[in-house]
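Scroll down for the structure; my scribbles are underneath it.
The values are calculated or read from the model by the stated rules, or taken from the named source; none is laboratory data. Keep in mind that this is a model prediction, so the values were computed, not measured. Positions of Cβ are generated from backbone atoms using ideal geometry, with glycine treated the same way; all protein chains shown enter the neighbour counts. Ligands, DNA and RNA are stripped out before the accessible areas are found, and what is left, the full protein with its side chains, is counted by its heavy atoms. Shrake-Rupley method; radii C 1.70, N 1.55, O 1.52, S 1.80 Å.
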Amino acid sequence: MASLPLAGADAVADSVMFRGADRRSEPLPLPVPPAWLFDDDERTPSGKLKLRTVWISDIHLGTQGCNADLLMDFLKSVQPETLYLVGDIIDGWKLKRGWYWPPRHNDVVRRVLKMAAKGCRVVYVPGNHDEMLRPYAGLAFGGVEIALEAIHTTADGRRLLVCHGDEFDGVVLYHRWLAWAGDIGYAMLLRLNVHYNAARRKLGLPYWSISAHIKKKVKNAVAFIGRFEEAVAEAARLRGVDGVVCGHIHSAEIRDFDGVAYYNDGDWVESCTALVEHPDGRMEIKDWTLVAAGAAARSPEGQTQFVKTLA
């Protein structure tokens, strides 16, 4: 039997696959983006701090310790060209033990997606608590790029390695059961922190972290942080870069290790800090508890509104 011409084969395929459907019918409509993606920001772009780069990490969405209100206030106040999410954005460890996801955590996700939709480059480097995203490295979702690590070039030409930092934590690498046990105890301390700060808000007092205070007072914790910083800086030196940006230990810091710049952007469960790069390449840690408290102190109306917002 002679083979069918190409046009005839197409007709047979149409008959089998579409049961005679008209090939000239209208194509399926494209998905309609959600309306919130194009809502006007609460603050005009002229009122935002224009930055070249912002790094934030250790938000721990899905936990009671996450300071989503302060984070939202920060994200609404800045307009970066690039936003790095440096791991532990979503706390998969906690969500496995029990589901906790208030509406405000959705607001944070939406805010990040809105920033990406409006032209901000967003790079997500997963950490140990959101390691379930690491197999998707190289892909992008909603304009958010997933990467195991990144190399960032500053405005003044320095090359910085961007990684979460858990790969330099011996407890996470070799004693995973101990890391999980410590995480449970840490979560209990953060829950205490939530109730403590709720009482402070009723008194009109700014946010203050019990866990961060304890960490600074415990000699072993201080020693661990020091060893971690040295290990990360040495790894950056071996990689041939000028510095490193990481998170993981919830301790914001800018240090120099014999010419290698070490930057830690902190967290949003204790210190509520971010690392930012200004247009000229200058690096700075933004402590948003101080910024928010300062804004509230400048006017009685602002203080009342700030307390109501965090309530």
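Got at least one residue in region 25-48 being open to solvent by 60 Å² or more (accessible area, probe 1.4 Å), at pLDDT below 70, in a helix (DSSP H, G or I) and under 30 Å from L160 (Cβ atoms)? Yes: one or more hits. In region 68-109, the qualifying residues are those that are in contact with a Phe, Trp or Tyr (Cβ under 6 Å, 6 or more places away or on another chain) and in a helix (DSSP H, G or I), and the one that is surrounded by the fewest Cβ atoms within 10 Å (Cβ to Cβ) is L70. Only one of the listed residues (L192, L205) is at pLDDT 70 or above, open to solvent by 60 Å² or more (accessible area, probe 1.4 Å) and of a type in the set (A, V, I, L, M, F, W, C). That residue is L205. Only residues that are open to solvent by 10 Å² or more (accessible area, probe 1.4 Å) and more than 21 Å from P206 (Cα to Cα) were counted in region 268-278, giving 1.
Checking the stated criteria, V162 turns out not to satisfy the condition of being out of contact with any Phe, Trp or Tyr (no Cβ under 6 Å at 6 or more places or on another chain) and of a type in the set (A, V, I, L, M, F, W, C).
Determine if region 86-95 includes at least one residue that is of a type in the set (A, V, I, L, M, F, W, C) and in contact with a Lys or Arg (Cβ under 9 Å, 6 or more places away or on another chain). Checking region 86-95: not a single residue is of a type in the set (A, V, I, L, M, F, W, C) and in contact with a Lys or Arg (Cβ under 9 Å, 6 or more places away or on another chain). Here the condition is being open to solvent by 30 Å² or more (accessible area, probe 1.4 Å), at pLDDT 95 or above, over 22 Å from H105 (Cα atoms) and among the small types (G, A, S); of G281, G259, G243, it holds for G259 alone. Going by the structure shown, is F224 modelled with pLDDT under 95, of a type outside the set (A, V, I, L, M) and open to solvent by less than 20 Å² (accessible area, probe 1.4 Å)? Spelling it out, it is not the case that F224 is modelled with pLDDT under 95, of a type outside the set (A, V, I, L, M) and open to solvent by less than 20 Å² (accessible area, probe 1.4 Å).
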